[in-house]
Amino acid sequence: MKQDSIQKLNTNIEQLLQQDEKPVSFSEASEYLNVSKSHLYKLTSKNLIAHFKPAGKKIYFKKSDLNAYLFRNRKASDSEIEQLAVDKVYQSAQ
């Protein structure tokens, strides 16, 4: 019984990993990022977002690259900055 549940869990994990590997089309990426197609073209032409052009024409993306673009330039909250300052002062005092 335990072996079956472990097998199912492994299968589910493999399926989730494969979903991320499926190429995302240009239109799908535009929708996913909630940006216009012209803006996405600018991002790709300036190499600001990772992309693939296997035949030199159509553009594809990996979902993980789209997420990396979305989660770039994180801004810390005021409470995080305050905690960093407290930690720094505490370390200096020691």
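The values are calculated or read from the model by the stated rules, or taken from the named source; none is laboratory data. Every value quoted in this text rests on a predicted model; they were computed, and no experiment measured them. Cβ placement follows ideal geometry from the backbone for every residue including glycine, while neighbour counts extend to all protein chains displayed.
Got at least one residue in region 47-56 being in a helix (DSSP H, G or I) and surrounded by 14 or more Cβ atoms within 10 Å (Cβ to Cβ)?
No - not one qualifying residue is present in region 47-56.
In region 57-68, which residue that is of a type outside the set (A, V, I, L, M, F, W, C) and part of a loop (DSSP other than H, G, I, E, B) is modelled with the lowest pLDDT?
Checked region 57-68; the qualifying residue modelled with the lowest pLDDT is K57.
Yes or no, residue by residue, for (1) over 30 Å from A29 (Cα atoms); (2) hydroxyl-bearing (S, T, Y):
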site	(1), (2)
F52	no, no
A55	no, no
I59	no, no
K63	no, no
Y69	no, yes
A76	no, no
V86	yes, no
S92	yes, yes
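Six or more apart or on different chains, Cβ atoms under 8 Å: show the pairs whose first residue is in region 39-56 and in contact (Cβ under 8 Å) with a residue 12 or more places away in the chain and whose second is of a type in the set (V, I, T).
Pairs that qualify, where the first residue is in contact (Cβ under 8 Å) with a residue 12 or more places away in the chain and the partner is of a type in the set (V, I, T), are L40/I49; L43/V35; L43/I49; T44/I59; H51/T44; H51/I59; F52/I59.
Specify which of the listed residues (S30, S38) is within 15 Å of the chain's Cα centre (by Cα) and either assigned to a helix (DSSP H, G or I) or surrounded by 10 or more Cβ atoms within 10 Å (Cβ to Cβ) (or both).
Exactly one residue qualifies, and that residue is S30.
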